[in-house]
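Here the structure comes first, spelled out in structure tokens, and everything after it is commentary.
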Amino acid sequence: MSLPTSPYIPPTLPMTEIWAMGIPDNSQNKDLAWDFIRYMSSPDTARRAALNGNGPIRPSAYDDPGVQVRLPYWEAEASAISMETGYPYNVDFNGASPLARPRPRGWFRLQRLSPPA
């Protein structure tokens, strides 16, 4: 099953979102924070997230037969992740820098056409 396409976005440009976790230098609970990050990025948590409809952080989650049954679009999503190209890191999130959340040309028009989840 392929994902819907848009005339505004080239079909060779998959859109993926990236979330990040980190530990502040001044954290009083670095060991606990690392435990949390390890848990949240574990293969089992990635698989459970995929079963819940969230894009998993581990491509191996798509190997799970339960994920494949639950997500009929799993092949297209896995393919999009494999073609991901990173954008430059930018720490100016508070300034709403365009590099902090880049979008392909025409993305906002497509987003307005999409019904709310």
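A few comments on the model shown:
- For region 30-85, relative contact order (Cα pairs under 8 Å, six or more residues apart, normalised by length) works out to 23 percent.
- Model label sites at Gln68 and Asp25, defined 7 Å from Cα along the beta-carbon direction, differ in position by 4.7 nm.
- Integer Hz, Karplus 6.51/-1.76/1.60 couplings in order for region 20-26, x for Gly and Pro: 9, 10, x, 10, x, 4, 8
- From the Kirkwood radius over Cα pairs of region 30-85, Stokes-Einstein at 20 °C and 1.002 mPa s returns a whole-number translational diffusion coefficient of 182 µm²/s.
Read-outs throughout are calculated quantities, based only on the coordinates presented, and are distinct from any laboratory measurement. What you see is a predicted model; the values in this text were computed from it and never measured. Positions of Cβ are generated from backbone atoms using ideal geometry, with glycine treated the same way; all protein chains shown enter the neighbour counts.
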